[in-house]
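Comments concern the structure below.
Throughout, read-outs are computed from the coordinates displayed, never taken from laboratory work. Here the structure is a predicted model, which means the values were calculated and not measured. Every residue, glycine among them, receives a Cβ derived from its backbone with ideal geometry; neighbour counts consider all protein chains shown.
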């Protein structure tokens, strides 16, 4: 695997007194955390505790009902949403496009490097490069969605149940990529029920922050 | 930013030509609409020649409307829209790329096919150049205004009809000035009418280039959050 070694500058992501309101229901409130480069923040909590909502808030896809999210150093006019990768429940793939076309598109759109082969190789998709996405299995689609992480270097990874549909070998591959990202000074926020065996883990249990029900 | 814009435009053009709903499909729909008109109003050649510019414009409008609803919805449903929002391309420019690809795959082929279909309706050959010119100016406006309806109904299943209802009123100026510009040559209207219609049509087009992306981006943000 020939993927260029790189490091991110020292950085820090801070959430202060965050709250989330969904359909009139306060999902969580008073949520604060701080994450340094090279660290993982693991989100835990029962279904509906707001793990996905928090990730979407970080990605700028959901409004903060209260609080603020700050990434330092502030990169001038580059918004936080352009400095992160968001891998949600949906794979965001087009059945009519081939694997390599999909990778080319996201590399171009997200402003990534030109080493698409390496990115596909990192998730063991090289052999499938010319296959239309329509013929991929669920796990292969997941891997293609995850290949976006490799296509453009971005310091913050937001992973929502990234291991769903993956076999043991693919999970090991993903963990290795996550470790390298952390080693380069990147940050990861992940909601997962699996113990991925990563190094420095901070855990945030959303169950304890459940908002009081509003009538 | 330019690279992201080109990547998105290229992807949308590729998808449109590959999945269907691209240029060929819109042209065939246009052909069907135009060829049922003589069946509906009878084979009176003079009458056909008179209504031809209007019918061609209505056909163009319907073809544009029918292909609009999937503009953002497909990306919304499979999660692509979320990721398009995390790029460094502003959402307004995402809308511009989408509208541009809609125009290239729907509007432009129809403009090219219009004279051929005009023959079916016994349209005077002298009216072809003004008709095509008017459609060339008006078709981008249809795509850009259409993004507003498509964005507002992005979360609605089978939102096509709703999007049409929302967008139709916005299309009326395009239709009025478009038909005016195209039929002035045929109907022998006073000298200035055609030029005025062209001017107003171009004005509507330019306004829609600005209003469409800004309004559609606001609609998308409201729908996603």
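Report, as an integer, the average count of C-beta atoms from other chains found within 10 Å of each Cβ along A:59-70.
Taking the mean over all residues of the peptide, I get 2.
Going by a ≥ b ≥ c, the root eigenvalues of the Cα gyration tensor, does chain B fall in the rounded group (a/c under 1.5), the prolate group (a/b larger than b/c) or the oblate group?
Prolate shape, in that a/c is at least 1.5 and a/b is the bigger ratio.
Averaged over its residues, how many other protein chain Cβ atoms are within 10 Å of peptide B:86-93's Cβ atoms?
5
So if R0 is 30 Å, what FRET efficiency would residue B:218 and residue B:39 give, r being the distance between their Cβ atoms, rounded to the nearest 0.05?
FRET efficiency, residue B:218 to residue B:39: 0.10.
Could you work out the helix-only [θ] at 222 nm for chain B, with each DSSP H run of four or more residues adding -39,500 (n - 2.57) and the total divided by the number of residues, to the nearest 500 deg cm²/dmol?
Using -39500 (n - 2.57) per qualifying helix, the result is -28500 deg cm²/dmol.
For B:17, B:153, A:7, which order do you get if you count the other beta carbons within 10 Å of each Cβ and list the fewest first?
Neighbour counts put them in this order, fewest first: A:7, B:17, B:153.
Assuming R0 = 25 Å, what is the FRET efficiency of residue B:196 and residue B:172, from their Cβ-Cβ distance, to the nearest 0.05?
E between residue B:196 and residue B:172, to the nearest 0.05, is 0.90.
I need the shape label for the stretch A:1-100. Rule: rounded when a/c is under 1.5, else prolate if a/b > b/c, else oblate, with a, b, c from the alpha carbon gyration tensor.
Here the stretch A:1-100 falls in the oblate category.
Would you order B:148, B:137, A:171 from fewest to most other beta-carbon atoms within 10 Å of each residue's own beta-carbon?
A:171, B:137, B:148
On a full-extension model of 0.36 nm per residue, what is the gain between residue B:1 and residue B:92, subtracting their alpha-carbon distance, rounded to one decimal in nm?
Working it through step by step, the gained length comes to 31.5 nm.
Please compute the contact order of chain B in relative form: average sequence separation of alpha-carbon pairs under 8 Å and at least six residues apart, divided by the residue count, as a percent.
It comes to 26 percent, rounded to a whole number.
For the stretch A:84-130, rounded, prolate or oblate, judged on the Cα gyration tensor with a ≥ b ≥ c (square roots of eigenvalues), a/c < 1.5 rounded, else prolate if a/b > b/c?
rounded
Before anything else, pin down the relative contact order of the stretch A:105-173: Cα pairs under 8 Å, at least 6 apart, normalised by residue count, whole percent.
The normalised contact order for the stretch A:105-173 reaches 39 percent.
FRET efficiency for residue A:164 and residue B:165, Cβ-Cβ distance as r, R0 = 35 Å, nearest 0.05?
Rounded to the nearest 0.05, the efficiency is 0.35.
How crowded by other chains is A:92-101, given as the mean number of beta carbons from other chains within 10 Å of each beta carbon?
Per residue, the average neighbour count from other chains is 4.
How far apart, in nanometres, would the label points at residue B:78 and residue B:120 be if each is projected 7 angstrom from Cα along the Cα-to-Cβ direction?
Roughly 3.2 nm, to one decimal.
In the calculated pair distance distribution of the stretch B:82-189, what percentage of Cα-Cα distances lie above 22 Å?
Every Cα pair in the stretch B:82-189 considered, those over 22 Å come to 43 percent.
How much length would be gained if the chain were fully extended between residue A:25 and residue A:69, taking 0.36 nm per residue of separation minus their Cα-Cα distance, in nm to one decimal?
Extra length from residue A:25 to residue A:69 when fully extended: 13.7 nm.
Restricting to Cα pairs below 8 Å that are 6+ residues apart, what does the relative contact order work out to for chain A? Please round to a whole percent.
33 percent
Which value at 222 nm does chain A reach when only helices count, each DSSP H run of 4 or more adding -39,500 (n - 2.57), with the total divided by all residues and rounded to the nearest 500 deg cm²/dmol?
-7500 deg cm²/dmol
May I ask you to sort A:109, A:135, A:86, A:8 by Cβ crowding, counting other Cβ atoms within 10 Å and putting the fewest first?
Neighbour counts put them in this order, fewest first: A:135, A:8, A:86, A:109.
Equivalent-ellipsoid semi-axes (√(5λ), Cα gyration tensor) for the stretch B:1-122, whole Å, largest first?
After scaling each eigenvalue by five and taking roots: 36, 12, 11 Å.
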